[in-house]
1. Which of the numbered conditions does GLU107 fail, given that it passes all the others? Conditions: (1) more than 23 Å from PHE40 (Cα to Cα); (2) touching a residue at least 12 places away in the same chain (Cβ under 8 Å); (3) in a helix (DSSP H, G or I); (4) of a type in the set (D, E, K, R).
2. Can you confirm whether segment 110-130 contains a residue that is touching an Asp or Glu at 6+ places or on another chain (Cβ under 9 Å), buried (at least 18 other Cβ atoms within 10 Å of the Cβ) and either under 18 Å from ASP30 (Cβ atoms) or of a type in the set (Phe, Trp, Tyr) (or both)?
3. Which pairs have Cβ atoms under 6 Å, sit 6 or more apart or on different chains, and link a residue in segment 80-103 that is within 16 Å of ARG64 (Cα to Cα) to one that is assigned to a helix (DSSP H, G or I)?
4. Test each condition in (1) surrounded by fewer than 13 Cβ atoms within 10 Å (Cβ to Cβ); (2) under 15 Å from the mean Cα position of the chain (by Cα) for ILE26 and report the one that comes out false.
5. I'd like to verify a number: residues in segment 45-64 that are more than 12 Å from the chain's Cα centre (by Cα) and either modelled with pLDDT under 95 or under 24 Å from ILE127 (Cα atoms) (or both), how many?
6. With the structure loaded, tell me whether GLY141 is modelled with pLDDT of 95 or more, on the phi > 0 side of the Ramachandran plot, surrounded by fewer than 16 Cβ atoms within 10 Å (Cβ to Cβ) and not polar (S, T, N, Q) or whether it fails that test.
7. Looking only at segment 46-98, count how many residues are over 21 Å from ARG115 (Cβ atoms) and basic (Lys, Arg).
8. Pick from segment 29-71 the residues that are in contact with a Ser or Thr (Cβ under 7 Å, 6 or more places away or on another chain) and of a type in the set (Gly, Ala, Ser): which of them is nearest to LYS134 (Cα to Cα)?
Amino acid sequence: MKTTTKPREKLSTVKKKAWAAFSEYIRTRDCLRTTGCASFGLCITCGKRNHFKLLQAGHFIAGRHNAVLFSEKGVHAQCYNCNVNLKGATLEYRRKIIEMYGEGFDEYLEYEAARTVKLSIQDCKLIEKYYKQKTKELLTGGIVDTKYMQSQSANIEESLKRWREI
């Protein structure tokens, strides 16, 4: 009798899943932050109100570098026009980053983007799980398993520490 083994997941597949969870978290966070509801949010660069599904998780640093791919302070809700047609509307995005996080934070993100970071399959699975839980926490007003969140947060922090040492 033949035993079947589950095919090993590809890094690209788990990275896409991690990105989907992270993107949902960013858009949910920014919708709640800018309008107070999870269904609509404001674009960080033009300020236009859009439905959650029409918003994208736009990077301040273009190119989706691993070092800033999952940076909560380097990714915000953007409308399609600003993120794609205006290639991120970088000048206005830079102004907003400085306004939100302080003078020099834009340069810090640029510095971070230049670093080499290698993500493993396990890293991406942890990221996916972590951001699904954080999104759930946002949507339920923080009523989640706090022990789980603390352990996942510690795992993510350990992974980030290891990534930064590369």
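The values are calculated or read from the model by the stated rules, or taken from the named source; none is laboratory data. Just so you know, these numbers come straight off a predicted model, no measurement behind them. Methodologically, a virtual Cβ is constructed for each residue, glycine included, from the backbone with ideal geometry; neighbour enumeration extends over all protein chains shown.
1. Exception for GLU107: condition (2).
2. No: segment 110-130 contains no residue that is touching an Asp or Glu at 6+ places or on another chain (Cβ under 9 Å), buried (at least 18 other Cβ atoms within 10 Å of the Cβ) and either under 18 Å from ASP30 (Cβ atoms) or of a type in the set (Phe, Trp, Tyr) (or both).
3. Qualifying pairs under 6 Å: ALA89/CYS82.
4. Status for ILE26: all satisfied but (1).
5. Looking only at segment 45-64, we keep the residues that are more than 12 Å from the chain's Cα centre (by Cα), and these are 45-55, 61-63.
Now narrow it down to the ones that are either modelled with pLDDT under 95 or under 24 Å from ILE127 (Cα atoms) (or both): 52-55, 61-63.
Selection size over segment 45-64: 7.
6. Working: modelled with pLDDT of 95 or more: no; on the phi > 0 side of the Ramachandran plot: yes; surrounded by fewer than 16 Cβ atoms within 10 Å (Cβ to Cβ): yes; not polar (S, T, N, Q): yes.
So GLY141 fails the test.
7. Final tally of qualifying residues: 6.
8. So, considering only residues that are in contact with a Ser or Thr (Cβ under 7 Å, 6 or more places away or on another chain) and of a type in the set (Gly, Ala, Ser), the one nearest to LYS134 (Cα to Cα) is ALA38.
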